[in-house]
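Colleague: I have a structure here, written as structure tokens, and I will follow up with some questions on it.
The values are calculated or read from the model by the stated rules, or taken from the named source; none is laboratory data. In this text, all values refer to a predicted model and were calculated from it rather than measured experimentally. Backbone-built Cβ (ideal geometry, glycine too); neighbour counts: all protein chains shown.
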Amino acid sequence: MQVLQRDWGMMHIDRRNSGGTQLVFINSLGTDLRMWDAVIPRLPEGWSSLRMDKRGHGVSETAPQGYGIPDLAGDVLAAMDHAGVERAVIVGCSIGGLIAQHIALMAPERVTGLVLSNTAPMLGPADGWHSRIDGVRLNGMGAMADGILPRWFGPAMLARPEARLWRTLLARADTEGYIATCAAIAGTDISTRLGEITQPALVIGGQHDQATPPEVVQALAGALPRADLVMFEETGHLPAIEAPEAFTAALVSFVERISQ
Ligand SMILES: O=C(O)CC1=CCC(=O)O1
């Protein structure tokens, strides 16, 4: 396993360097870097990837103190520095997409393009996140997992046996890491800054997404100066898991187009 020391603890990273087109992947709340497992092998030969487990996710350590989305963006930039990735297409899902938007604002020179999957500049009202934090504190992740899973997956994926494995991952998530990340989401709204993101973007949504419904994703695409929109018919919130072939095809065609 590859590791990067940060001031809050050890961060798990996964770097596959073939030298070519550079892609950085940022996963969603409660998942880990395995959410890109079915995407990375489908990338064209010679493309390179960097992914990481966020603080308190996967096998990365949990930060002892609270943090905001800019801190999580700083972790991604530090991983890029460590891996020698000067510029990349940043691919983020949900909170990963919110982090990607922050990276585009904080370090635009590091971003050649953005793939913003099932995300928004504000991921739902703060009240909802505070209720979720209360629920996790009171009942634990195991008790919350069944209620959250339909926010992750559309009906087709929920019916597949692998959905149970993702549920297990969520039920076993580190409580403090999950709560701190929910708190970071709750305090974030960069809606008024979307016009400053001038890199080309591909915005992806899903008709069955309950967490960032189609109209939310459409609004993001409409507010970004240079965005294209792809809306999948069959997926929910995590199309990289639910439909990796279609997801990768959309990503590759976008990256090839902006690289010309
Ligand atoms: O857990 C959810 O509701 C889905 C989600 C919201 C932000 C994120 O990253 O995942």
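Colleague: Determine whether region 49-58 contains at least one residue that is farther than 21 Å from residue 248 by Cα, away from the ligand (no atom under 14 Å from the Cβ) and of a type outside the set (S, T, N, Q).
Modeller: no
Colleague: Pull out all pairs, ordered by first then second residue, where Cβ-Cβ is under 7 Å, the residues are six or more apart or on different chains, the first lies in region 16-45 and is within 14 Å of the ligand (Cβ to nearest atom), and the second is acidic (Asp, Glu).
Modeller: Note: pairs meeting the criteria are 32/53; 33/14; 33/53.
Colleague: Right, another one. For residue 128, all conditions in the list (1) under 28 Å from residue 141 (Cβ atoms); (2) touching a Gly at 6+ places or on another chain (Cβ under 7 Å); (3) surrounded by fewer than 23 Cβ atoms within 10 Å (Cβ to Cβ) hold save one; what is the number of the exception?
Modeller: (2)
Colleague: Being hydrophobic (A, V, I, L, M, F, W, C) and surrounded by 22 or more Cβ atoms within 10 Å (Cβ to Cβ) is the filter here; which residues of region 14-54 pass it?
Modeller: Applying the first criterion (hydrophobic (A, V, I, L, M, F, W, C)) to region 14-54 yields 23-26, 29, 33, 35-36, 38-40, 43, 47, 50, 52.
Correct list: 23, 24, 25, 26, 29, 33, 35, 36, 39, 50, 52.
Colleague: While we're here: Could you check region 13-31 and list, in sequence order, the residues that are part of a loop (DSSP other than H, G, I, E, B) and more than 18 Å from the chain's Cα centre (by Cα)? I'd like the intermediate steps shown before the answer.
Modeller: Within region 13-31, the subset part of a loop (DSSP other than H, G, I, E, B) is 17-21, 27-31.
Once the filter is applied, which keeps residues that are part of a loop (DSSP other than H, G, I, E, B) and more than 18 Å from the chain's Cα centre (by Cα), region 13-31 yields 17, 18, 19, 20, 21.
Colleague: Looking at 48, 94, which is the one that is polar (S, T, N, Q), within 20 Å of residue 203 (Cβ to Cβ) and in contact with a Ser or Thr (Cβ under 6 Å, 6 or more places away or on another chain)?
Modeller: Working: 48 fails: within 20 Å of residue 203 (Cβ to Cβ).
Among 48, 94, only 94 is polar (S, T, N, Q), within 20 Å of residue 203 (Cβ to Cβ) and in contact with a Ser or Thr (Cβ under 6 Å, 6 or more places away or on another chain).
Colleague: Just for region 217-228: of the residues that are over 17 Å from the mean Cα position of the chain (by Cα) and in contact (Cβ under 8 Å) with a residue 12 or more places away in the chain, which one is surrounded by the most Cβ atoms within 10 Å (Cβ to Cβ)?
Modeller: From region 217-228, those over 17 Å from the mean Cα position of the chain (by Cα) are 218-219, 222-228; that's our starting set.
Checking the rest, the ones that are also in contact (Cβ under 8 Å) with a residue 12 or more places away in the chain come to 218-219, 223-228.
Numbers: 218: 14, 219: 16, 223: 17, 224: 24, 225: 12, 226: 12, 227: 18, 228: 16.
Once the filter is applied, the top-ranked residue is 224.
Colleague: Scan 83, 63, 78, 100 and give me the residue that is in contact with a Leu (Cβ under 6 Å, 6 or more places away or on another chain) and under 22 Å from residue 183 (Cβ atoms). Spell out how you get there, then give the answer.
Modeller: On the way: 83 fails: under 22 Å from residue 183 (Cβ atoms); 63 fails: in contact with a Leu (Cβ under 6 Å, 6 or more places away or on another chain); 78 fails: in contact with a Leu (Cβ under 6 Å, 6 or more places away or on another chain).
Result of the check over 83, 63, 78, 100: 100.
Colleague: Does residue 129 satisfy the condition of being within 30 Å of residue 195 (Cβ to Cβ), within 13 Å of the ligand (Cβ to nearest atom) and among the aromatic types (Phe, Trp, Tyr)?
Modeller: Yes, satisfied.
Colleague: List the pairs whose first member sits in region 147-160 and is within 16 Å of residue 207 (Cα to Cα), whose second member is among the basic types (Lys, Arg) and crowded, with 23+ Cβ neighbours inside 10 Å, and whose Cβ atoms are under 6 Å apart, counting only residues at least 6 apart or on separate chains?
Modeller: none
Colleague: Turning to a different aspect of this structure: Checking the conditions here, which among 244, 213 is within 16 Å of the ligand (Cβ to nearest atom) and on the phi < 0 side of the Ramachandran plot?
Modeller: Values: 244 fails: within 16 Å of the ligand (Cβ to nearest atom).
It is 213.
Colleague: Of all residues in region 232-260, count the ones that are without any contact (Cβ under 8 Å) to a residue 40 or more places away in the chain and within 16 Å of the chain's Cα centre (by Cα).
Modeller: Number of matching residues: 1.
Colleague: Taking residue 123 as meeting all but one of (1) within 16 Å of the chain's Cα centre (by Cα); (2) of a type in the set (A, V, I, L, M); (3) more than 15 Å from the ligand (Cβ to nearest atom), write down the number of the exception.
Modeller: (3)
Colleague: Can you go through 155, 161 and tell me which one is touching a His at 6+ places or on another chain (Cβ under 9 Å) and away from the ligand (no atom under 15 Å from the Cβ)?
Modeller: None of the other options fit; the residue is 155.
Colleague: Only one of 97, 177 is at pLDDT 95 or above, surrounded by 14 or more Cβ atoms within 10 Å (Cβ to Cβ) and over 21 Å from residue 230 (Cα atoms); which? Before you say what the answer is, go through the steps one by one.
Modeller: Numbers: 97 fails: over 21 Å from residue 230 (Cα atoms).
Going through 97, 177 in turn, just one is at pLDDT 95 or above, surrounded by 14 or more Cβ atoms within 10 Å (Cβ to Cβ) and over 21 Å from residue 230 (Cα atoms): 177.
Colleague: Something else about it: Considering only residues that are closer than 17 Å to residue 89 by Cβ and surrounded by fewer than 16 Cβ atoms within 10 Å (Cβ to Cβ), which ones fall in region 203-216? Full working, then the answer.
Modeller: So in region 203-216, the residues closer than 17 Å to residue 89 by Cβ come out as 203-204.
Across region 203-216, there are no qualifying residues.
Colleague: Residue 9 - would you say it is over 18 Å from the mean Cα position of the chain (by Cα) and under 20 Å from residue 115 (Cβ atoms)?
Modeller: Working: over 18 Å from the mean Cα position of the chain (by Cα): yes; under 20 Å from residue 115 (Cβ atoms): no.
When the stated conditions are applied, residue 9 does not pass them.
Colleague: Could you go through region 5-18 and let me know if any residue there is of a type outside the set (D, E, K, R) and within 19 Å of residue 239 (Cα to Cα). Spell out the reasoning first.
Modeller: Step one: list which residues in region 5-18 are of a type outside the set (D, E, K, R), which gives 5, 8-13, 17-18.
Now restrict to residues that are within 19 Å of residue 239 (Cα to Cα): none.
No, every residue in region 5-18 fails to be of a type outside the set (D, E, K, R) and within 19 Å of residue 239 (Cα to Cα).
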